[in-house]
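Data first, discussion second: the structure below is written as structure tokens.
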Amino acid sequence: MRKLAFGYSTRCNIRCEHCVAVGDIPDNRKMDTARAKEIIVEMARIGVKGISFSAGEPFLYFTEILALVKLCKQMGIYTRIVTNSFWAKTPEVSDTFVAALKENGLCQLRLSYSKWHQKHVHQNNVVNAAGSCQRLGLNYFVSFVTDFSIEDDPHELFLRNHGLKFFPEPVIYAGRAASFKPRTILTDYQANCCDMNPYLTPDLDMYACCDAGSHFSKTHFFHLGNLKDTGIEQLFTKTETNRLYNLIRTMGITTIASFAGMKAREITTHSKCELCKKLFNSPETLARLQAEVSRLEAWTR
Ligand code: SF4
Ligand code: SF4
């Protein structure tokens with residue numbers, strides 16, 4: 001199913017220390033609204049079934065985002081908005097926003113929560129936003145971004161104590177978090193497959209990965225092209241037919257790392273995106289994997 005993270009604007013009202021949505025892409029860009037609508041209509045035509053409005057803080061352009069959500073609804077596209085909940089200051093105010101979202105056809109609200117977000121937004125805002133969703137019947141979940149350190153325990157407890165539906169999500173060491181000291185992890189030898197939903201920036205660049213993919217500055221491995229000179233269908237086809245992307249989806253990054261020569265013991269000390277960066281943001285390793293992609297595809301049990 002074709003899905004996309006839609007970066008209508010990279011502007012945000014807060015400055016989280018861990019923000020991955022900064023770096024190579026300027027943080028004050030906004031898409032032209034008329035162009036955004038054309039893109040949505042075109043995406044519906046080529047079979048896109050889900051759009052997540054993310055990037056900066058979508059609620060900074062609430063009226064415009066509502067119009068885009070409404071258009072998606074008319075086009076049969078599932079919609080999600082990712083927000084830091086700054087707007088949910090009281091249950092009453094929060095109800096007003098959520099009622100408007102529901103009326104315009106939003107399918108799901110994803111509430112970001114972490115020790116970094118909550119330095120700027122009161123944690124009760126997330127409770128208010130979730131409460132409005134529950135009262136008004138809008139699907140929601142809390143995305144609990146964590147580095148799995150002990151300091152995150154009270155935050156996890158807060159979410160539990162308020163009965164919120166939450167899912168822990170590892171912080172990505174890119175953007176502002178690139179300067180964080182990566183934790184030492186020792187996981188099982190897990191596959192590390194990735195769905196790889198594309199990400200569209202306000203400047204109409206499209207990347208094959210919506211998370212850390214725009215930060216691979218040495219190889220631009222995930223950059224698919226720009227809608228100013230390439231059609232949307234062509235960019236989707238590019239991400240669906242690239243052999244290495246497909247191996248990330250199906251084989252997983254762990255096996256690719258082993259194939260590329262990394263020791264199993266070392267592989268288990270890296271997070272998925274770190275491993276991915278080691279392989280695909282290295283011009284030499286990428287060139288080798290591209291040259292040996294047929295042998296890699298046959299590297300099965
Ligand atoms: S993580 Fe989200 S809320 Fe925080 S600065 Fe980045 S875009 Fe804004
Ligand atoms: S592992 Fe690679 S493809 Fe998957 S989210 Fe991280 S950077 Fe993107």
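Since every read-out is calculated from the coordinates, none of them should be taken as a lab result. The shown structure was predicted, so the numbers you read here are calculated from the model rather than taken from an experiment. Glycine gets a Cβ as well: all are built from the backbone with ideal geometry, and neighbour counts include every protein chain shown.
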Tell me the angle of helix 33-45 to the major Cα principal axis of the chain, expressed in degrees between 0 and 90 and rounded to the nearest ten.
60
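Once you list every other residue whose beta carbon is under 10 Å from the beta carbon of residue 14, what net charge do they have if Lys and Arg are +1 and Asp and Glu are -1?
In short, +1.
Report the convex hull volume per residue for segment 159-258, counting only C-alpha atoms, in Å³.
Cα convex hull per residue, to the nearest whole number: 174 Å³.
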Scaled radius of gyration (Cα, divided by 2.2 N^0.38 Å) that the chain gives:
1.02
Viscosity 0.890 mPa s, temperature 25 °C, Stokes-Einstein D of segment 72-198 from Kirkwood C-alpha radius, µm²/s
152
Output the Kirkwood hydrodynamic radius of segment 247-297, Cα pairs only, in Å rounded to one decimal.
10.9
Using the eigenvalues of the Cα gyration tensor, what equivalent ellipsoid semi-axes result for segment 199-301 when each is taken as the square root of five times the eigenvalue, whole Å, largest first?
25, 15, 11
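Considering only Cα-Cα distances, which of the following residue pairs are longer than 24 Å: 37/89; 3/272; 119/181; 3/30; 37/102; 37/218?
Numbers: 37/89 30 Å; 3/272 21 Å; 119/181 20 Å; 3/30 21 Å; 37/102 19 Å; 37/218 33 Å.
Flagged as over cut-off: 37/89; 37/218.
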Under the Karplus relation 6.51 cos²θ - 1.76 cosθ + 1.60, θ = phi - 60°, what is the ordered set of whole-Hz ³J(HN,Hα) values for segment 170-176, x standing for Gly and Pro?
x, 4, 9, 7, 9, x, 5
Among 49/228; 70/115; 73/228, which pairs are too far apart, with a Cα-Cα distance over 28 Å?
70/115
Could you give the angle, 0 to 90 degrees to the nearest 10, between helix 91-103's Cα long axis and the longest principal axis of the Cα atoms of the chain?
70
Using a 10 Å cut-off on Cβ atoms, rank the peptides 203-213, 132-142 from the highest mean neighbour count down.
203-213, 132-142
Relative to the longest principal axis of the chain, what angle (0 to 90°, nearest 10) does the C-alpha long axis of helix 123-136 take?
70
If you restrict to DSSP beta bridges whose two residues both lie in the chain, what percentage is antiparallel, to the nearest 5?
20
